[in-house]
Amino acid sequence: MMDHRLQSILDKPFHNQPLTGEDIVFILELHRKDDIEALFNAAREMRDRHFGDKVFLYGFLYISTYCRNNCNFCFYRVSNTQSPRYRKEEEEVLAAAAALAGSGVHLVDITLGEDPEYFNSKGRGFESFIHLVKRVKEVSDLPVMVSPGVVPGEVLEALAGVGVDWFACYQETHNRELFRKLRPGQSYETRFEVKGLAHQYGLLTEEGILVGVGEEVEDIVKTVEAVRFPGFAQVRAMNFVPQGGTPMGGDAPPEPLRELLIIALLRLVFPDRLIPATLDVEGLDGLKRRLDAGANVVTSIVPPSRGLAGVAQSVLDIDDARRTTESVLPVLADCGLQPAAVEEYLTWVVHKQKFLEVRTGEPFFKKVPGRRRQ
Ligand code: SF4
């Protein structure tokens, strides 16, 4: 039988009542199988109310594995000599983007480290990156998400100007002390504020946390508070994967359940947001668990045999084509779900942009007169 307190907590989101910090801690400390199943059932019911049986699919292009930073959890930190480095040429990126679009994804996610080639003024600067993103949008004819790190405001403005829809930039934690340990030499505030700037240019943003890096349950409560602003239209939780050649490489990985509890929690607290089920932690084998916990976007779909890496799992399931749309579809069917039509995703994005414009009282795109309104 379900715990009485759990029942009253799970009822709250269905009556538009917010969860308290204590409710959140209670959820994150669940350990009885029946209670966890009840949580996941509630999360799925909530997803169903807002998204029906439709799921969005995101293609992923990690276009440069160079980075100037030294995040302690990351395989691609600048000082990791084990990390393979590449920077893809434009033709390779465009061909991969076209392949993703042809496979039926709804969005192309262009990710890179804080590549000195772009960030260092002695390099080519961001002009070539902005051009590349524009071309990806043209070739794929899909919404585009970029994840280039903490870029200057004028770069965000230019990205909005070429039609970018999303800006992803993860704090990984909202505990400032833990942030300093995870991302030495970087500013918590600057990283957070760049997302506010992206909102001003009309971009939807994705915030994210890394689970199992030393956070307490109270830190997840802080995250929930930090991402309340609806401009964080997508919020991802992802279990930490220890990486070879890094200071945290010998740490024990977190319990797989921890990520799932947070996915379900996010679904209940933010029912109408996009919550990813990533292929980048456990590959295809972990997808059903994440969808069953209430996620509604499949992320890190990677075109095989193009020399492209994942982030947390640099090679898992990529070249054996288990991170493709084709591989994902049977899992969706097994969960009673189906991919949305591309038009449905476009409608969701435009609706969200308009909703935010009304909510914030500021017309989006005001600084970007040439931006295309859909
Ligand atoms: S997490 Fe991002 S910013 Fe940090 S080292 Fe890795 S690629 Fe660079």
*Helix-only mean residue ellipticity at 222 nm for the chain, each DSSP H run of n ≥ 4 adding -39500 (n - 2.57), per residue, nearest 500*: -12500 deg cm²/dmol
*What is the distance, in nm, between label points placed 7 Å from the Cα along the Cα-to-Cβ direction at His351 and at Asp319?*
4.3 nm
_3J(HN,Hα) from dihedral phi, region 284-290, Karplus parametrisation 6.51/-1.76/1.60, rounded to Hz, x for glycine, proline_ = 4, 4, x, 5, 4, 4, 6
*Listed peptides 17-25, 55-63 by packing density, highest first (mean Cβ within 10 Å)*: 55-63, 17-25
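If you keep only loop residues by DSSP, which GluC sites (Glu not before Pro) in region 139-226 have at most 14 other Cβ atoms within 10 Å of their Cβ?
Sites meeting the loop and neighbour criteria: Glu216.
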*Once amide H atoms are built 1.01 Å from N in the peptide plane, which residues 5 or more positions from Arg323, or in another chain, come under 5 Å H to H?*
Val302
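Can you give me the span-like helices of the chain, meaning DSSP H runs with 18 Å or more of Cα extent along the axis and Kyte-Doolittle mean at or above 1.6? Numbers along the way, then the final one.
Working: long enough: 33-51 (26 Å, -1.07); 90-103 (20 Å, 0.78); 127-140 (20 Å, -0.03); 188-200 (19 Å, -0.92); 256-269 (21 Å, 1.69); 342-360 (27 Å, -0.31).
Going by DSSP H runs, the hits are 256-269.
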*Principal axis lengths of the chain from Cα atoms, whole Å, largest first?*
62, 47, 40
*Arranged from highest to lowest average of other beta-carbon atoms within 10 Å per residue, in what order do the peptides 326-335, 267-276, 37-46 appear?*
267-276, 37-46, 326-335
*Using Cα positions and a limit of under 13 Å, work out the aspartates and glutamates in reach of Lys33, with same-chain residues fewer than 8 apart set aside.*
Asp3
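Defining a contact as two alpha carbons under 8 Å apart and six or more residues distant in sequence, what relative contact order in percent does region 227-267 show? Walk me through the numbers before you get to the answer.
Numbers: 22 pairs, mean separation 15.5, N = 41.
After rounding, I find 38 percent.
Can you give me the relative contact order of the chain as a percent, contacts being Cα pairs under 8 Å and 6 or more apart? Before the final figure, lay out the partial values.
Numbers: 668 pairs, mean separation 78.4, N = 374.
About 21 percent, as a whole number.
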_Explain nothing, just the number: relative contact order of region 1-132, from Cα pairs under 8 Å at least 6 residues apart, as a whole percent._
23 percent
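Using DSSP to define loop residues, name the trypsin sites (Lys or Arg not before Pro) in region 89-153 whose beta-carbon has at most 15 other beta-carbon atoms within 10 Å. Could the numbers behind the result be given before it?
Working: sites: Lys122, Arg124, Lys134, Arg135, Lys137; in loops: Lys122, Arg124.
Counting only loop positions with at most 15 other Cβ atoms within 10 Å, the trypsin sites (Lys or Arg not before Pro) in region 89-153 are Lys122, Arg124.
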*Provide the percentage of antiparallel DSSP beta bridges, counting only those with both residues in the chain; round to the nearest 5.*
5 percent
_Tensor-based shape of region 61-106 (alpha-carbon gyration tensor, a/c under 1.5 rounded, otherwise prolate or oblate)_ = prolate
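Of the heavy-atom accessible surface of the chain (probe 1.4 angstrom), what whole percent is carbon and sulfur?
Values: 7760 of 15170 Å².
Within the chain, the accessible surface is 51 percent carbon and sulfur.
Please give the direction-averaged projected area of the C-alpha convex hull for region 89-161, in square nanometres with one decimal.
Details: hull surface 18.4 nm².
Its Cα hull, projected and averaged over all orientations, spans 4.6 nm².
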*Anything over 32 Å Cα to Cα? Flag those among Lys88/Lys222; Lys54/Lys195; Lys134/Lys181, in the order listed.*
Lys88/Lys222; Lys134/Lys181
*Measuring with a 1.4 Å probe in the full set of protein chains, what accessible area per residue, in whole Å², belongs to the chain?*
41 Å²
*Under a Cβ-Cβ cut-off of 11 Å, what is the net charge of the residues other than Phe26 that fall near it, where Lys and Arg count +1 and Asp and Glu count -1?*
-4
_At 7 Å along Cα-to-Cβ for each site, give me the label-to-label distance between Arg5 and Thr20 in nm._
1.1 nm
*Could you check the simple spin-label distance between Asp141 and Tyr86, using points 7 Å along Cα→Cβ, in nm with one decimal?*
2.8 nm
*In the chain, what cysteines have no partner Cβ closer than 4.7 Å?*
Cys67, Cys169, Cys335
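With the alpha-carbon atoms as the only input, what is the per residue convex hull volume for region 249-341 in Å³?
Working: hull volume 10.3 nm³, N = 93.
Given the Cα convex hull of region 249-341, per-residue volume reads 110 Å³.
The values are calculated or read from the model by the stated rules, or taken from the named source; none is laboratory data. All values reported here derive from a predicted model rather than from experimental measurement. Virtual Cβ from ideal backbone geometry, glycine too; neighbours counted across all protein chains shown. We work out accessible area using only protein heavy atoms, side chains counted, and drop any ligands, DNA or RNA first. Shrake-Rupley method; radii C 1.70, N 1.55, O 1.52, S 1.80 Å.
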